[in-house]
Amino acid sequence: MTTLLEARGVTKIYGGGLFRRDRTVALEDFSLRIEPEPPSITAIVGESGSGKTTLARLLLGMTMPTSGAILYQGKDLRKLSRREWRAFRRDVQAIFQDPYEVYNPFYRVDHVLHTPLKKFGLVKSDREARERIVEALEAVGLRPDETLGRYPHQLSGGQRQRVMVARALLVRPRLIIADEPVSMVDASLRATILESLRTLTRDFSVSLIYITHDLITAYQISDNIIVLYRGSVAEAGHAEPVVQEPQHPYTRLLIGSIPLPDPDRAWSEEQEPSAIGRLADPRSGCTFASRCPYAMEMCLERHPPLYQTERYRVTACYLYREAPVLASEHLDEAFARPGIPGPAVAASGAADEPTSSP
Amino acid sequence: MSDTRVRLGQTEVGAVGGRGDGTEVVLDVRDLRVSYVTPRGPVRAVNGVSFALRRGEAFGLVGESGSGKSTIALSLMQLIKPPGRIEGGQALLDGTDVLALSEEEMRRVRLAEIALITQGAMNSLNPVMRIREQIIDAWKDHGEPINGREAEERIRDLLRWVGLQPEVARMYPHELSGGMKQRAVIAIAISLRPKVIIADEPTSALDVVVQRQIMQTLRRIQRDLGAAVILIGHDMGLMAQFVDRLGVMYAGKLVEVSPIREMFRDPMHPYSQLLIQSLPSLARKGQFLGIPGLPPSLLDPPPGCPFHPRCPYAMERCRVEVPALELKRPNRLVACHLYEREEGQA
Ligand SMILES: Nc1ncnc2c1ncn2[C@@H]1O[C@H](COP(=O)(O)OP(=O)(O)OP(=O)(O)O)[C@@H](O)[C@H]1O
Ligand SMILES: Nc1ncnc2c1ncn2[C@@H]1O[C@H](COP(=O)(O)OP(=O)(O)OP(=O)(O)O)[C@@H](O)[C@H]1O
Ligand code: SF4
Ligand code: SF4
Ligand SMILES: [Mg+2]
Ligand SMILES: [Mg+2]
């Protein structure tokens with residue numbers, strides 16, 4: 001069974017020409033394999049600017065890696081023949097954060113939906129096309145009679161975003177890469193759309209890479225979660241332990257920052273970095289050190305490798321340095337296979353279990 | 001229903017806003033109606049919305065996607081473009097109806113009195129202009145210092161206020177992260193110290209850490225300025241943490257306005273109840289609970305209560321009679337036939 005899509009040691013650097021200080025390492029040495037079977041849901045979370053969209057664009061072949069490669073069915077995207085590229089474009093669909101970018105403002109919404117059906121020859125008649133489109137729109141909670149015939153600016157933000165979800169559903173791809181697909185819709189619709197995405201992955205054997213900053217929905221929908229921080233993996237593995245007992249100080253910060261829907265529970269405050277963390281130089285050592293309440297001397301020297309602290313989890317943090325190191329190209333070895341009942345949250349291999357106050 | 005009914009509703013809305021706790025109403029929106037003309041007829045995006053905003057208060061607006069929240073925001077700024085049209089209503093900003101101002105007058109009011117941070121505002125920054133120029137540009141219409149030392153100093157202070165380094169003034173939008181761009185947008189919005197700040201999904205594209213920073217910045221500024229904020233969004237967690245009162249919209253109407261604690265503890269309108277029940281949590285992993293059924297058509301809205309086709313409690317009366325937004329309990333406005341009117345309130 002050939003791997004459907006693979007990122008192999010991918011690094012993406014923006015800028016960096018003459019003005020090296022403008023250089024941005026958007027993604028560093030990132031590896032991931034998406035197998036065709038069984039279909040899986042992988043969530044990628046991380047703060048703004050952590051490289052999530054960059055990763056999506058790389059996986060979609062919209063931008064090329066500075067080093068490393070993206071492989072579709074074992075073949076470098078840069079070496080695909082025209083036919084293979086077409087197959088890739090059908091198999092791997094995108095849903096974008098800012099749907100405005102995808103729409104042509106001069107075409108009606110119908111165009112966005114008809115084009116892929118026509119391009120990939122998926123329907124025999126206009127009638128069939130119309131049926132498929134109606135079905136897909138309803139699956140995302142849109143009224144076909146009130147959506148078709150409109151121009152993109154005539155829809156609300158959330159409606160536009162849902163048209164993009166419908167579009168991805170239409171062509172029955174094998175992998176959907178969704179970058180913040182529901183960030184602009186209300187909670188109940190978000191639930192409806194994510195449920196339809198989840199049903200789709202199950203019923204049509206489609207895998208999903210769900211990119212978001214919403215840890216709650218990431219937890220709800222995914223088998224595994226990858227937490228990115230400034231282009232590197234901070235923590236990854238089975239959704240259950242990563243969210244319920246986060247290890248990496250950054251994951252803890254993320255989870256602690258979620259605004260709770262309870263007016264009586266105040267939004268927690270960010271903890272101050274440790275005295276050593278305050279000395280951190282952003283160019284060397286752990287990328288999180290300057291914000292880390294637990295930063296130690298050793299953190300300032302080199303960025304930590306991935307420590308496999310449990311069967312289904314890795315954490316890039318020296319607090320867990322007694323656990324074995326997992327080479328970054330084997331990241332997915334720490335992933336729980338979908339369908340496996342949630343592994344028990346095992347005792348962590350923490351060397352220095354951090355206490356809550358520095 | 002009848003005219004008197006609507007007006008009664010308004011007085012109540014006003015009364016709740018100005019209720020004797022010493023706070024006055026800064027913005028009084030009355031029976032706002034906005035439609036978009038389409039070949040198939042008018043889309044009634046905002047269909048008779050009234051609410052009163054107190055000075056210094058944070059008021060949240062949530063509701064189904066497409067329920068008219070952004071349309072309200074744009075109307076209050078007179079930024080509705082054809083085929084959209086304000087069909088009726090008033091929006092009294094310290095007594096002046098901003099909906100009735102001429103374009104010229106409105107230009108002065110925007111920013112100086114009422115500012116809007118839009119959905120995806122970060123992308124509305126001009127990509128070929130430095131942040132500094134964009135701030136100055138915003139000032140031009142208001143006779144503020146356009147150049148010189150004074151302007152530079154004010155820009156520096158402004159950036160510091162929103163938590164940005166002074167160097168950002170010389171940068172272009174693409175050189176900034178999403179969070180930095182949104183701070184720059186806020187800097188422009190607050191630069192003339194408006195009384196009312198409307199923030200339409202100001203952080204929906206940002207992660208929770210940055211979101212918390214931005215919202216804390218916004219709150220600090222709100223307090224410094226004594227400004228009122230209308231926060232529009234979908235994130236109920238954010239609402240719980242930020243606003244004092246919450247308005248819930250459905251199909252172009254406000255269906256409930258309650259203080260934030262009451263809203264979460266005991267939502268009254270069936271749509272509010274289902275919305276709050278649909279919130280996913282970290283406590284349990286399971287099915288997503290959406291609200292079954294499709295949002296109503298705004299071209300051909302259902303008769304009676306717009307929520308009746310999806311409401312688990314719908315009665316015969318709900319199919320024929322539009323429920324008015326009325327005071328059903330102290331401080332709580334609800335548009336639903338399940339509740340009796342609260343008597344004896346001013
Ligand atoms: N075309 C580009 N040119 C230069 N720098 C870029 C470009 N695109 C992204 N970057 C930079 O790369 C980093 C990663 O950006 P990316 O958009 O991938 O982050 P993200 O995780 O998707 O953020 P967000 O949550 O805000 O969408 C950021 O520092 C960003 O400023
Ligand atoms: N130019 C237009 N022409 C026709 N209909 C429009 C136009 N602009 C908006 N609408 C419709 O008006 C209604 C209200 O839109 P609005 O953008 O105010 O919703 P919203 O509550 O802000 O939604 P969201 O939460 O998705 O941002 C929607 O049903 C939308 O389809
Ligand atoms: S390696 Fe050190 S600085 Fe980095 S997250 Fe762990 S404790 Fe903090
Ligand atoms: S008025 Fe009737 S249909 Fe409408 S919300 Fe109340 S009970 Fe439900
Ligand atoms: Mg992104
Ligand atoms: Mg909106």
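The values are calculated or read from the model by the stated rules, or taken from the named source; none is laboratory data. All values reported here derive from a predicted model rather than from experimental measurement. All Cβ positions, even for glycine, are placed from backbone atoms using ideal geometry, and neighbour counts span all protein chains on display. What goes into the accessible areas is simple: the full protein's heavy atoms, side chains included, and nothing from ligands, DNA or RNA. Shrake-Rupley method; radii C 1.70, N 1.55, O 1.52, S 1.80 Å.
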Residue list for the range B:225-247, restricted to those being touching a residue at least 60 places away in the same chain (Cβ under 8 Å) and more than 10 Å from chain A (Cβ to nearest Cβ) | B:Gly226, B:Ala227, B:Ala228, B:Val229, B:Ile230, B:Leu231, B:Ile232, B:Arg245, B:Gly247
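For (1) over 28 Å from A:Asp145 (Cα atoms); (2) within 11 Å of ligand 4 (Cβ to nearest atom), each residue gets a yes or a no:
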{"position": "B:Gln273", "(1), (2)": "yes, yes"}
{"position": "B:Ala283", "(1), (2)": "yes, no"}
{"position": "B:Leu294", "(1), (2)": "no, no"}
{"position": "B:Pro306", "(1), (2)": "no, yes"}
{"position": "B:Cys311", "(1), (2)": "no, yes"}
{"position": "B:Leu338", "(1), (2)": "yes, yes"}
Scanning the range B:146-184 for residues that are open to solvent by 10 Å² or more (accessible area, probe 1.4 Å), in a helix (DSSP H, G or I) and within 13 Å of chain A (Cβ to nearest Cβ), which turns out nearest to ligand 5 (Cβ to nearest atom)?
-> B:Gly178
Subset of the range A:154-197 (residues that are touching a residue at least 40 places away in the same chain (Cβ under 8 Å), within 13 Å of another protein chain (Cβ to nearest Cβ) and not in a helix (DSSP H, G or I)) | A:Leu155, A:Asp179, A:Glu180, A:Pro181, A:Ser183
In this structure, does B:Leu282 turn out to be more than 22 Å from B:Phe59 (Cβ to Cβ), within 16 Å of ligand 2 (Cβ to nearest atom), surrounded by fewer than 20 Cβ atoms within 10 Å (Cβ to Cβ) and facing chain A (nearest Cβ under 9 Å)?
-> no
When residues of the range A:192-230 are limited to those that are over 12 Å from the mean Cα position of the chain (by Cα) and within 16 Å of ligand 3 (Cβ to nearest atom), the one farthest from A:Arg321 (Cα to Cα) = A:Arg230
List pairs: first in the range A:66-78 and over 14 Å from A:Val92 (Cα atoms), second among the acidic types (Asp, Glu), Cβ under 9 Å, 6+ apart or cross-chain?
-> A:Ser67/A:Asp29; A:Gly68/A:Asp29; A:Ala69/A:Glu6; A:Ala69/A:Asp76; A:Gly74/A:Glu6; A:Lys75/A:Glu84
Which condition number in (1) open to solvent by 20 Å² or more (accessible area, probe 1.4 Å); (2) farther than 30 Å from A:Glu301 by Cα; (3) not in a loop (DSSP other than H, G, I, E, B) is the one that A:Asp262 fails?
-> (3)
The one condition A:Val233 fails out of (1) open to solvent by 10 Å² or more (accessible area, probe 1.4 Å); (2) at pLDDT below 95; (3) of a type in the set (A, V, I, L, M, F, W, C) is (2)
Criterion (of a type outside the set (Lys, Arg) and either within 16 Å of ligand 4 (Cβ to nearest atom) or within 12 Å of chain B (Cβ to nearest Cβ) (or both)) met by exactly one of A:Leu228, A:Leu208, A:Leu200 | A:Leu228
May I ask you to list the residues in the range B:194-207 that are open to solvent by 10 Å² or more (accessible area, probe 1.4 Å) and modelled with pLDDT under 90?
-> B:Glu201, B:Ser204, B:Ala205
Does B:Leu338 satisfy the condition of being within 16 Å of ligand 6 (Cβ to nearest atom), part of a loop (DSSP other than H, G, I, E, B), in contact (Cβ under 8 Å) with a residue 40 or more places away in the chain and more than 27 Å from A:Thr217 (Cα to Cα)?
-> no
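Considering only the range B:69-140, give the helices (runs of 4 or more DSSP H) lying wholly within it that have at least 1 residues that are in contact (Cβ under 8 Å) with a residue 60 or more places away in the chain and within 16 Å of ligand 6 (Cβ to nearest atom). Walk me through how you get there before you give the answer.
On the way: elements: B:69-76, B:103-112, B:131-140.
Here the list reads B:69-76.
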Within the range B:201-239, residues within 16 Å of ligand 2 (Cβ to nearest atom), of a type outside the set (Val, Ile, Thr) and in a loop (DSSP other than H, G, I, E, B) come out as B:Glu201, B:Pro202, B:Ser204, B:Ala205, B:Gly233, B:His234, B:Asp235
